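Enquirer: Take this structure, written in structure tokens, and hold onto it; I'll ask about it next.
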Amino acid sequence: MKLAKRVSSLTPSTTLAITAKAKELKAAGYDVIGLGAGEPDFNTPQHIIDAAVKAMNEGHTKYTPSGGLAGLKAEIIKKFKEDQNLSYEPSEIIVCVGAKHALYTLFQVILDEGDEVIIPTPYWVSYPEQVKLAGGVPVYVEGLEENQFKITPEQLESVITERTKAVIINSPSNPTGMIYTQEELAALGEVCLKHDILIVSDEIYEKLVYGGHKHVSIAQLSPELKKQTIIINGVSKSHSMTGWRIGYAAGNKEIIRAMTDLASHSTSNPTSIAQYAAMAAYSGPQEPVEEMRKAFEERLNIIYEKLIQIPGFSCVKPQGAFYLFPNAREAATMAGYHTVDELVAALLEEAKVALVPGSGFGAPDNVRLSYATSLELLEKAIERIKQFIEQKM
Ligand code: PLP
């Protein structure tokens with residue numbers, strides 16, 4: 001069967017592919033350490049699970065409004081007010097099947113064939129594919145390593161054309177862990193306002209910030225920027241709820257209405273039980289969120305120091321999320337490989353450590369390590385990588 005043109009150039013998610021390959025090797029009896037995961041390794045807090053069980057027992061197992069339960073929207077609105085002092089109406093919020101689905105739906109409703117979306121590199125793997133699936137064209141801007149992988153207003157302005165519809169800002173960033181400061185966001189925002197470009201602000205790692213760094217939403221900076229921005233967020237990373245699939249978008253009413261109409265013909269609604277669980281995530285105690293954040297920070301501080309001891313690895317210290325994104329170009333050369341992709345493949349086959357090659361994020365000299373796993377395994381994995389490279393030198 002000939003498949004639709006739409007999917008002919010679709011590449012599967014690199015991160016999910018690596019995780020699957022590592023699991024496959026593990027199942028075959030190999031002692032593989034997987035550092036590819038994009039999800040917290042903690043259990044979902046018990047009170048959230050209890051809320052889901054209660055919802056089921058109370059019969060909340062039916063369709064919900066397509067845009068999400070009123071009660072959950074109310075909790076999301078409260079959260080925006082408390083965390084960012086942002087005020088939204090229920091009509092400015094849509095609950096989706098994860099932040100990924102919120103982004104997918106957003107691009108479907110804002111892009112016409114040939115419309116351009118500016119994507120800073122390194123980027124989260126799904127952005128370009130989602131833009132292309134909506135008929136859009138990804139336009140890349142290189143976040144330089146010497147500028148902590150962040151783009152400048154001049155760089156942004158230099159790629160704007162008549163077809164530019166939106167720019168994606170992901171702070172804290174997957175894969176780099178970098179955070180844009182308030183000043184940097186204000187400067188980028190000015191360019192977006194000047195050229196009337198929609199800002200897609202993916203804030204899914206908002207709660208995972210370290211070393212005293214703060215998350216600021218670009219929408220907080222002025223009423224004009226709030227109008228210009230669609231915020232994407234969710235409970236996957238903050239509350240260790242990746243499998244529950246609850247994310248959301250907040251912003252312009254017309255856009256949210258179109259997204260809700262589209263959802264009404266695709267998903268109908270996010271799972272009712274998961275919505276009740278997300279409601280409990282926001283209304284209940286937030287201590288578990290802070291405990292997880294602290295655990296990630298402790299791991300980061302220990303593991304970062306060890307990582308930079310690996311010959312040929314250099315790394316900007318991440319400020320948020322749960323990834324390290326070292327440059328391994330020199331290590332690849334020293335170990336006799338032409339590319340970092342080849343090094344990553346050899347590390348999996350020979351050293352039995354699964355990393356994600358930076359090429360999937362638009363940064364072919366880098367590799368991504370997730371530290372969403374135990375410190376013991378992280379230390380073991382870093383030791384394996386170090387020994388592997390030293391042996392090959
Ligand atoms: N945005 C970024 C930058 C991510 O890293 C992820 C998950 O890996 C998502 C969005 C999607 O999150 P969700 O699980 O809510 O779909």
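The values are calculated or read from the model by the stated rules, or taken from the named source; none is laboratory data. As the structure is a prediction and not an experimental result, all values here were calculated from the model. Here the Cβ is made from the backbone with ideal geometry for all residues, glycine too, and neighbour counts use every protein chain on show.
Enquirer: Among the residues of the stretch 122-146, what is the count of those that are over 19 Å from residue 323 (Cα atoms) and within 11 Å of the ligand (Cβ to nearest atom)?
Expert: 1
Enquirer: Criterion first (closer than 20 Å to residue 252 by Cβ, over 15 Å from the mean Cα position of the chain (by Cα) and among the acidic types (Asp, Glu)) does residue 162 satisfy it?
Expert: Details: closer than 20 Å to residue 252 by Cβ: no; over 15 Å from the mean Cα position of the chain (by Cα): yes; among the acidic types (Asp, Glu): yes.
Against the criterion (closer than 20 Å to residue 252 by Cβ, over 15 Å from the mean Cα position of the chain (by Cα) and among the acidic types (Asp, Glu)), residue 162 does not qualify.
Enquirer: Please find, among 161, 176, the residue that is hydroxyl-bearing (Ser, Thr, Tyr) and either part of a strand (DSSP E or B) or surrounded by fewer than 21 Cβ atoms within 10 Å (Cβ to Cβ) (or both). Step through it out loud before you land on a result.
Expert: Numbers: 176 fails: either part of a strand (DSSP E or B) or surrounded by fewer than 21 Cβ atoms within 10 Å (Cβ to Cβ) (or both).
Unique residue meeting the criteria: 161.
Enquirer: Within the stretch 147-168, can one find any residue that is among the acidic types (Asp, Glu), in contact (Cβ under 8 Å) with a residue 24 or more places away in the chain and more than 16 Å from the ligand (Cβ to nearest atom)? Break it down stepwise before answering.
Expert: Within the stretch 147-168, the first condition is being among the acidic types (Asp, Glu), and the residues that meet it are 154, 157, 162.
In the following step, the residues that additionally are in contact (Cβ under 8 Å) with a residue 24 or more places away in the chain were identified as 157.
Now restrict to residues that are more than 16 Å from the ligand (Cβ to nearest atom): 157.
Yes, the stretch 147-168 contains a residue that is among the acidic types (Asp, Glu), in contact (Cβ under 8 Å) with a residue 24 or more places away in the chain and more than 16 Å from the ligand (Cβ to nearest atom).
Enquirer: Anything in the stretch 324-338 that is farther than 18 Å from residue 36 by Cβ, without any contact (Cβ under 8 Å) to a residue 40 or more places away in the chain and either in a loop (DSSP other than H, G, I, E, B) or not assigned by TED's automatic domain parsing to the domain that holds residue 314 (or both)? List them, or say none.
Expert: 337, 338
Enquirer: Can we say residue 373 is of a type in the set (S, T, N, Q) and away from the ligand (no atom under 16 Å from the Cβ)? Give the derivation first.
Expert: Numbers: of a type in the set (S, T, N, Q): yes; away from the ligand (no atom under 16 Å from the Cβ): no.
Considered against the rule, which asks whether it is of a type in the set (S, T, N, Q) and away from the ligand (no atom under 16 Å from the Cβ), residue 373 comes out as no.
Enquirer: Okay, moving on. Among the candidates 297, 305, 291, which residue alone is closer than 25 Å to residue 218 by Cβ, out of contact with any strand residue (DSSP E or B) (no Cβ under 8 Å at 6 or more places or on another chain) and surrounded by fewer than 23 Cβ atoms within 10 Å (Cβ to Cβ)? Please lay out each step first, then the result.
Expert: Working: 305 fails: closer than 25 Å to residue 218 by Cβ; 291 fails: closer than 25 Å to residue 218 by Cβ.
Just one listed residue meets the conditions, 297.
Enquirer: Looking for something over 29 Å from residue 132 (Cβ atoms) and either within 16 Å of the ligand (Cβ to nearest atom) or assigned to a loop (DSSP other than H, G, I, E, B) (or both) - is there at least one such residue anywhere in the stretch 181-192? If you could, list the steps in order and put the result at the bottom.
Expert: Taking the stretch 181-192 as the starting set, the residues that turn out to be over 29 Å from residue 132 (Cβ atoms) are 181-183, 186.
Still in the running and either within 16 Å of the ligand (Cβ to nearest atom) or assigned to a loop (DSSP other than H, G, I, E, B) (or both): 181.
The answer is yes; a qualifying residue exists.
Enquirer: Next up: Within the stretch 298-341, track down each residue that is out of contact with any Ser or Thr (no Cβ under 6 Å at 6 or more places or on another chain) and charged (D, E, K, R).
Expert: Those that are out of contact with any Ser or Thr (no Cβ under 6 Å at 6 or more places or on another chain) and charged (D, E, K, R): 298, 299, 305, 306, 317, 329, 330.
Enquirer: Take the residues of the stretch 217-260 that are small (Gly, Ala, Ser) and not in a loop (DSSP other than H, G, I, E, B): which is farthest from the ligand (Cβ to nearest atom)?
Expert: Pass one, the stretch 217-260, residues small (Gly, Ala, Ser): 217, 219, 222, 234, 236, 238, 240, 243, 247, 249-251, 258.
The next check asks that each one be not in a loop (DSSP other than H, G, I, E, B); those that pass are 219, 234, 243, 247, 249-250, 258.
Working: 219: 16, 234: 4, 243: 9, 247: 4, 249: 11, 250: 14, 258: 20 Å.
Applying the filter and picking the extreme gives 258.
Enquirer: Check every one of the helices (runs of 4 or more DSSP H) wholly within the stretch 1-61 and list those with 3 or more residues that are at pLDDT below 95, more than 16 Å from the ligand (Cβ to nearest atom) and charged (D, E, K, R).
Expert: Hits in the stretch 1-61: 14-27.
Enquirer: Another one. Could you count how many residues in the stretch 201-215 are buried (at least 21 other Cβ atoms within 10 Å of the Cβ) and more than 16 Å from the ligand (Cβ to nearest atom)?
Expert: Matching residues across the stretch 201-215 total 1.
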